[in-house]
Amino acid sequence: MKIAMVDSGLGLVSLLKMIVNFRLKHDIDLIFSKNFPLGNCSLSELEETAKDIEDRINKKNYDLVIIMCNTLSTIMRNKSYIKILDYNLKYLKDNKDAFPVGTKNTIDFLKKGYADEYLAKDIEEDNLKHIIFDINRWPVKKEYLLCCTHYKLVENIISMIKKEAKVTDLTSKVFEDLLFFPQSDQLKINYDGKENIIKKYLKF
């Protein structure tokens, strides 16, 4: 399948790693937004970003579009897209005690949870000291639902700091649904100019 996988930055890495590790064969274009972090952008900036991405998507005949950014999911409402936010919304509906943590724009959309305005940027910059500081500021809860895909990249650190809590990320649910789609002859990845950093991050 010809797939567009969209995110503001490295948040799509976890899903990409699952695809590579399980040897799925798809023709994948990674599409990154020009603005980052989107969680702190104004509505006009988000709309401009969404339009730019839509234009890029419409230039090619994709079989599937996956939006791995929760904030982009709030404004890119094409019903044919697979959006990580839809998985999180369903989980929150079925699990009343789950406490969402994410970027400001996502939490504003959800109208509940904790808005972390720094963690996604600190993860992107690989600033471990700041990452630990950010997570330590989260309110104490029984379960955290990670509503920014960047957070999956430091899930082990979150679990160590919040050792009494359950930490839930739904990237694997997106991957499980992807298993049902027909595959191509081989895996191809267009890295959208970020090949070196992604391969270094994934170590493949």
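The values are calculated or read from the model by the stated rules, or taken from the named source; none is laboratory data. Owing to the predicted nature of the structure, the values given are computational and were not obtained by experimental measurement. Positions of Cβ are backbone-derived with ideal geometry, glycine not excepted, and every protein chain shown enters the neighbour counts. To get the accessible areas, we keep the full protein, side chains included, count just its heavy atoms, and leave off ligands, DNA and RNA. Shrake-Rupley method; radii C 1.70, N 1.55, O 1.52, S 1.80 Å.
Summary table
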| item | result |
| --- | --- |
| Filter pass, residue 129 being of a type in the set (Lys, Arg) and either surrounded by 14 or more Cβ atoms within 10 Å (Cβ to Cβ) or at pLDDT below 95 (or both) | no |
| Options 106, 49; residue that is in contact (Cβ under 8 Å) with a residue 60 or more places away in the chain and crowded, with 20+ Cβ neighbours inside 10 Å | 106 |
| When residues of the stretch 52-76 are limited to those that are within 15 Å of residue 3 (Cα to Cα) and either open to solvent by less than 40 Å² (accessible area, probe 1.4 Å) or aliphatic (A, V, I, L, M) (or both), the one nearest to the chain's Cα centre (by Cα) | 68 |
| Within the stretch 77-97, considering residues that are open to solvent by less than 90 Å² (accessible area, probe 1.4 Å) and free of Cβ contacts under 8 Å to residues at least 40 places away in the same chain, the one farthest from residue 175 (Cα to Cα) | 78 |
| Scan of the stretch 156-190 for residues that are open to solvent by 40 Å² or more (accessible area, probe 1.4 Å) and free of Cβ contacts under 8 Å to residues at least 60 places away in the same chain, ordered by number | 156, 159, 160, 161, 163, 164, 166, 176, 180 |
| Of all residues making up the stretch 191-204, the number that are surrounded by 12 or more Cβ atoms within 10 Å (Cβ to Cβ), among the basic types (Lys, Arg) and not in a helix (DSSP H, G or I) | 1 |
| Residue count for the stretch 166-188, restricted to those that are under 29 Å from residue 145 (Cα atoms), of a type outside the set (Phe, Trp, Tyr) and in contact with a helix residue (DSSP H, G or I) (Cβ under 8 Å, 6 or more places away or on another chain) | 9 |
| Residues located in the stretch 106-124, provided they are at pLDDT 95 or above, among the acidic types (Asp, Glu) and assigned to a helix (DSSP H, G or I) | 108, 122 |
